[in-house]
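Single-structure report; data block below.
Any read-out appearing in this document is the output of simple, stated calculations on the displayed coordinates, not a laboratory observation. Remember, predicted model here, so these are calculated numbers, not experimental data. When we count neighbours, we look across all protein chains shown, and the Cβ atoms used for this are built from the backbone with ideal geometry, even at glycine.
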Amino acid sequence: MTMHNLSDALNSRIFLTTLSGRAQDWFTHLPMGCIVDYIQFMCKFEYHFASKRKYATSVANLFSIRQKDDENLRSFVDRFNDKALVVQGLTNEIKINLMINALKMGPFSDALIRDRPSDMEELMVIAQNYIYAEEMNELKREKWIVQKQLKDKA
């Protein structure tokens, strides 16, 4: 047995210990002797489970993100950051541009266009101020509606 074959055998045994659930079921139902080496085993495995593969998110995926008309700023910033976290090689400049482009028109968008932040940390500080203002205004709006309803009943 050559070192290459020993390595294939060792790789196969190690890989088999990681299988569970459907992958384990798939392996146990393979016909005896249908796999001759590790490369063939990996090809069969990848072919069978190709639909389960997760592909890396690219910058192009972030171009489709838009703040929805009924979405508050906190929800949008959280959603944007969740998506941006999984994109590798994303620079501050690109993140800032994508964020500005994705925002619906309004005071926060205007502020970022007028006084462009130098990095994402600065952008997030500005965002927190606008999120706070938006949430306080929403509380005032709700209080005003309740007061108006009580006044109308009286």
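Before moving on, here are some points about what is shown:
- Angle between the chain longest axis and helix 120-153 axis [Cα atoms, degrees, rounded to 10]: 50
- Lys pairs under 25 Å by Cα in the range 56-154, provided they are eight or more residues apart or on distinct chains: 14
- Each 5 Å bin from zero holds the following percent of Cα-Cα pairs in the range 95-154: 4, 17, 21, 17, 10, 8, 8, 6, 5, 3, 1.
- Magnitude of the charge dipole, the chain, Cβ model with Lys/Arg +1 and Asp/Glu -1, debye to 20: 500
- Extension gain, R66-N129: 0.36 nm per intervening residue step, less the Cα-Cα distance, totals 20.6 nm.
- When R79, R114 are sorted by how many other C-beta atoms sit within 10 angstrom of their C-beta, beginning with the fewest, the order is R114, R79.
- Dimensionless Rg over Rh [the range 69-118; C-alpha; Kirkwood]: 0.96
- For the chain, the fraction of C-alpha pairs more than 17 angstrom apart is 74%.
- Ranked by the mean number of other Cβ atoms within 10 Å per residue, highest first, peptides 83-91, 101-109 order as 101-109, 83-91.
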